1. Would you confirm whether or not region 25-36 contains a residue that is more than 11 Å from the ligand (Cβ to nearest atom) and over 22 Å from PHE211 (Cα atoms)?
2. I need the full set of residues from region 33-63 which are within 17 Å of GLN22 (Cα to Cα) and open to solvent by 40 Å² or more (accessible area, probe 1.4 Å), in order please.
3. Given the options PRO109, PRO49, PRO80, PRO44, name the one that is free of Cβ contacts under 8 Å to residues at least 24 places away in the same chain and either assigned by TED's automatic domain parsing to the domain that holds LEU158 or touching a helix residue (DSSP H, G or I) at 6+ places or on another chain (Cβ under 8 Å) (or both).
4. Do any residues in region 6-17 that are part of a strand (DSSP E or B) and within 8 Å of the ligand (Cβ to nearest atom) have Cβ atoms under 6 Å from those of residues that are open to solvent by less than 10 Å² (accessible area, probe 1.4 Å) and at pLDDT 95 or above, where the two are at least six apart or on different chains, and which pairs are they?
Amino acid sequence: MLTLHGFPFSNYHNIVKHALMQKGVPFDEHICYPHSAEMMAVNPTGKVPAMTTEQGTKLSESSVLVEYLEDKYPDIPLLPADPEARAQVRQMIKISELYLELPARRLLPAVLGNVELPAATFEEVKAVLERGAQAIKMLAVFQPYLAGSEISLADIYLRYALAIPKMVGPSRLDWDVMEAVPGLAAWDAMMADTDVARKIDEDQRANTEEFMAYISGS
Ligand SMILES: N[C@@H](CCC(=O)N[C@@H](CS)C(=O)NCC(=O)O)C(=O)O
């Protein structure tokens, strides 16, 4: 059986877990933390998540993993068939990663580790986040999903890419992504109101204590 390696507190882990569950692909969840010997054995970067496929191939990088799932298990598609529409879904995935998740992540040391960051970092992060939010505002159709009437990888990716912007925006930047993009809050509530999302959120809550212990020990 396919194995997903990582931990349920991780938003990147949950992108892949959500895609697996949405597609109904059976998998084992092997709980391990970044840079542990177990993780290094399956992912040379040591980051979460990684996957061992049914064939035994070890793969990493969340976007690569969800694309692999789409290639390997096409029965329940999460990308449109039309190449133009497929590219538009991938465009929203890329924007979610580069202009929302990654810049907001730069503030995690301040939030989780009480590290003092220079004011310029906050300004830089806010400028990139505003650009990401503006791009999603222009690209997403919310009918009711980002790319139209069917859920796609863009919806799954953005749901978890928003985790850190939602946390650091109001508390550190005096800015709220949920207000910056009309329709985003309703879409987010709709995405949360599914069996798959509820299970993932429940697993995340259950992993919080262990994850915090990992953070304080690392
Ligand atoms: N580009 C990677 C990012 C994964 C990532 O940053 N995962 C976090 C956990 S949410 C991690 O492993 N952090 C440890 C580190 O950055 O060394 C992906 O898309 O899978």
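1. Yes; the residues of region 25-36 include at least one that is more than 11 Å from the ligand (Cβ to nearest atom) and over 22 Å from PHE211 (Cα atoms).
2. none
3. Answer to the selection: PRO109.
4. Listed pairs, sorted by first residue: GLY6/HIS13; GLY6/PRO49.
Matching residues to (1) of a type outside the set (Asp, Glu); (2) more than 16 Å from TYR99 (Cβ to Cβ); (3) out of contact with any Ser or Thr (no Cβ under 8 Å at 6 or more places or on another chain); (4) touching a residue at least 40 places away in the same chain (Cβ under 8 Å):
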residue: LEU129; (1), (2), (3), (4): yes, no, yes, yes
residue: ILE136; (1), (2), (3), (4): yes, no, no, yes
residue: LEU139; (1), (2), (3), (4): yes, no, yes, yes
residue: TYR157; (1), (2), (3), (4): yes, no, no, yes
residue: SER171; (1), (2), (3), (4): yes, yes, yes, yes
residue: TRP175; (1), (2), (3), (4): yes, no, yes, yes
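The values are calculated or read from the model by the stated rules, or taken from the named source; none is laboratory data. All figures in this text were calculated on a predicted structure; none of them were measured in a lab. Positions of Cβ are backbone-derived with ideal geometry, glycine not excepted, and every protein chain shown enters the neighbour counts. Protein only, heavy atoms only, side chains kept; ligands, DNA and RNA dropped before computing areas. Shrake-Rupley method; radii C 1.70, N 1.55, O 1.52, S 1.80 Å.
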